[in-house]
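Contents: one structure, followed by commentary.
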Amino acid sequence: WTACKHDILFFINSFLWLYEPRGSRLVGTTSNVIPFITYDFQDDAFLRVEKALGERDIVVNKSRDLGASWMFLTTFFYHWMFHDFSLFGVMSRTADLVDKVGKRDTLFWKLDFLLKGDAGMGGLPPWMQPKTYRSSMLLENRDNGSTFEGATTTEDAFRGGRKKAIALDEFAAFPNGADYEAQSATQHATDCRVFVSTPK
């Protein structure tokens, strides 16, 4: 646990799992749950984001299949696990993309998977899992006071609080007008917004 707290790459490569529903991309295994073994370019990206987190905005122009959404969630998750009172916001263009029971494409499902896995596969070992509180659009680490809060593109998203960082997933797909509202609402809530998107 102490080694993980001091080294994000050790934590990821030793304890985290990913879910990949497309079997055609999984060579040498029949499972859709695979260890999160980082590529060199991911190592570089994790360390760059880690250095900027909480300090300044970050823009990630991603192509498909590079794991960018998993990567920013994992960076947030690392801080949520090991740094007290780390408050994070995650946002997408609709509520169903942020958190919906039973839907595996949501941001909160991925966070839940990093923590506890699904159907007995993946997740942190039980000794590492903190006590948590989970409700719609909220995941709280009861051991250290860290939280994830979800939101959609509204003019008041995260306006009333403060966050260590806020991620705006697939920002280029936000509806016209809502994209500016999301930027306006979040600009004073955090010093670090992570804009992650494929081109559109």
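Quote the FRET efficiency, to the nearest 0.05, computed for GLU20 versus ASP40 with a Förster distance R0 of 22 Å and r equal to the Cβ-Cβ distance.
Efficiency, rounded to the nearest 0.05: 0.70.
Just how large is the dipole of the chain about the Cα centre, in debye to the nearest 20, putting +1 at every Lys and Arg Cβ and -1 at every Asp and Glu Cβ? Could you put the intermediate results ahead of the total?
Details: 23 positive and 25 negative charges, 51 e Å.
That gives the chain a dipole magnitude of about 240 debye.
Among MET71, MET121, MET137, which one shows the biggest mean-square fluctuation in a GNM of the chain, springs joining Cα atoms closer than 10 Å?
With Cα springs under 10 Å in the chain, the top fluctuation among MET71, MET121, MET137 is at MET121.
For the chain, which longest stretch is free of loop sites, where a loop site is one of the chymotrypsin sites (Phe, Trp or Tyr not before Pro) that DSSP puts outside H, G, I, E and B and that has at most 13 other Cβ atoms within 10 Å? All intermediate terms of the calculation are to be shown ahead of the outcome.
Working: sites that count: TRP1, TYR39, PHE85.
Longest site-free region, per DSSP loop and neighbour criteria: 86-200.
Between segment 164-200 and segment 118-161, what is the C-alpha centre distance in whole Å?
The two parts, judged by their Cα centres, are 19 Å apart.
Just grab the label-to-label distance for ASP143 and VAL59, each label 7 Å out from Cα along the Cβ direction, in nm (one decimal).
Placing both labels 7 Å along Cα→Cβ, they lie 3.8 nm apart.
Taking the Cα centre of segment 125-166 as the origin, how large is its charge dipole in debye, to the nearest 20, when only Lys and Arg (+1) and Asp and Glu (-1) carry charge on their Cβ atoms? Numbers along the way, then the final one.
Values: 7 positive and 5 negative charges, 31 e Å.
Once rounded to the nearest 20, the dipole reads 140 debye.
Whole number in Å², please: accessible area per residue of the chain, 1.4 Å probe, ligands, DNA and RNA not counted. All intermediate terms of the calculation are to be shown ahead of the outcome.
Values: 10290 Å² over 200 residues.
Per residue, the chain has 51 Å² of solvent-accessible surface.
Can you give me the long-range amide H partners of SER197? Hydrogens built in the peptide plane at 1.01 Å from N, cutoff under 5 Å, separation of 5 or more residues or another chain.
Under 5 Å from the amide H of SER197: VAL60, LYS62, GLU170, PHE171.
What number, rounded to the nearest 500 deg cm²/dmol, is the helix-based mean residue ellipticity at 222 nm of the chain, given -39500 (n - 2.57) per DSSP H run of at least four residues and division by all its residues?
The helix-only estimate for the chain comes to -9000 deg cm²/dmol at 222 nm.
I need the shape label for segment 1-148. Rule: rounded when a/c is under 1.5, else prolate if a/b > b/c, else oblate, with a, b, c from the alpha carbon gyration tensor. Don't jump to the answer; show the numbers that get you there.
Working: a/c = 1.19, a/b = 1.11, b/c = 1.07.
Rounded shape, in that the Cα axes give a/c under 1.5.
Setting aside same-chain residues fewer than 8 positions from LYS103, which lysines have a Cα under 19 Å from its Cα?
Qualifying lysines at Cα under 19 Å: LYS116.
Could you pull out every residue, at least 5 positions away or on a different chain, whose amide H is within less than 5 Å of the one on THR132? Hs are placed 1.01 Å off N in the peptide plane, and Pro or chain starts have none.
ARG142
The values are calculated or read from the model by the stated rules, or taken from the named source; none is laboratory data. Because the structure is predicted, anything quoted here is derived from the model rather than measured. Using ideal geometry, Cβ is built from the backbone for each residue, glycine included, and neighbour counts are taken over all protein chains shown. SASA here: full protein model, heavy atoms, side chains in, ligands and nucleic acids out. Shrake-Rupley method; radii C 1.70, N 1.55, O 1.52, S 1.80 Å.
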